[in-house]
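Taking it in order: structure first as structure tokens, then the write-up.
The values are calculated or read from the model by the stated rules, or taken from the named source; none is laboratory data. Nothing here was measured: the structure is a model prediction, and the numbers come from that model. Neighbour counts run over all protein chains shown; Cβ positions are idealised from the backbone, glycine included.
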Amino acid sequence: MRFRARSNRPRTLEQDLTPLIDVVFQLLIFFLTTTQLAAQAQMELDLPRERGEQRGGGRDPGLIVNLTRTGEIVILDSTRSLQELATIARRVRLEQGEIRPVVRADRGAPAAALNALFTTLRESGIEGVTLAVSPGR
Amino acid sequence: MIDATFLLLCYFIFTTAAGRPEDRLSPQLGGSRGGGASDLAPQIVEVRRDAEGDLFTIGTRNFRQRDRLAEALRELPREPGLFVRVHPGPPVSAAAAAMQAAADAGFERVTYVPGEPGG
């Protein structure tokens, strides 16, 4: 019986790092993308084309209300009535204290709808809002 | 490696397309009677719409263009703040234009007042 002579070379365990790097990259990209998406997860609206106050970012608004061109109120992808808006605003205010909601209103929406929205927010105890604009001119 | 590069490429393409900047205007909310009898010498911009389009009024002076409105607002004192009363006729863009004119004129305290129908 012949046995192969043992090699004198030291045995090293070589690990292939490629899958690890792949997974790390994938995770990194996933978190980067989801973070970005969370920030951009907002309704497609043609906002008023104004420069705004150019003061930089503010604090957490607590509530984001969208107003469509047809005057519908949309919060988190659900259409809401003024009564529902009042309920939501009161609840958020109760949970978070003083809030300054962001109102994203389509530039072509009737001001009457914006008036009704602002009146409802005011009657819910909210003293100020942030009106989103798109610096376009 | 190709996987990662491709995904990075997708990420940057997507975020470039999706990341449109937004800015803001920050009015206080006033009641429909804001700027009325209880306020001392209120400075009010009325925003209406007529047959010719959006109309901005300060007292007896009428303006069609936002730039002219901003020029007129610069003549007013800043301390009392400014009321922007928006009547039901115009679109949101006219209300935003009035508030932008106020911001351009240096008013830090702007109060949005919903106008009453027919007012």
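Numbers for the structure displayed
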{"quantity": "Subset of the stretch A:90-137 (residues that are without any contact (Cβ under 8 Å) to a residue 12 or more places away in the chain and in a helix (DSSP H, G or I))", "calculated": "A:91, A:94, A:95, A:111, A:115, A:119, A:122"}
{"quantity": "Single condition residue A:95 does not satisfy, out of (1) farther than 24 Å from residue A:133 by Cβ; (2) surrounded by fewer than 12 Cβ atoms within 10 Å (Cβ to Cβ); (3) acidic (Asp, Glu); (4) at pLDDT below 85", "calculated": "(4)"}
{"quantity": "Some residue of the stretch A:71-82 being within 14 Å of chain B (Cβ to nearest Cβ), within 16 Å of residue B:95 (Cα to Cα) and either in contact (Cβ under 8 Å) with a residue 24 or more places away in the chain or in contact with a helix residue (DSSP H, G or I) (Cβ under 9 Å, 6 or more places away or on another chain) (or both)", "calculated": "yes"}
{"quantity": "Residue match in the stretch A:79-89 (condition: out of contact with any Pro (no Cβ under 8 Å at 6 or more places or on another chain), surrounded by fewer than 22 Cβ atoms within 10 Å (Cβ to Cβ) and assigned to a strand (DSSP E or B))", "calculated": "yes"}
{"quantity": "Candidate set: the stretch B:108-119, residues that are assigned to a loop (DSSP other than H, G, I, E, B) and facing chain A (nearest Cβ under 8 Å); chosen: the one surrounded by the most Cβ atoms within 10 Å (Cβ to Cβ)", "calculated": "B:115"}
{"quantity": "Residue A:133 touching a helix residue (DSSP H, G or I) at 6+ places or on another chain (Cβ under 7 Å) and within 12 Å of another protein chain (Cβ to nearest Cβ)", "calculated": "yes"}
{"quantity": "Residue identified as farther than 29 Å from residue B:49 by Cα and within 11 Å of chain B (Cβ to nearest Cβ) among A:108, A:125", "calculated": "A:125"}
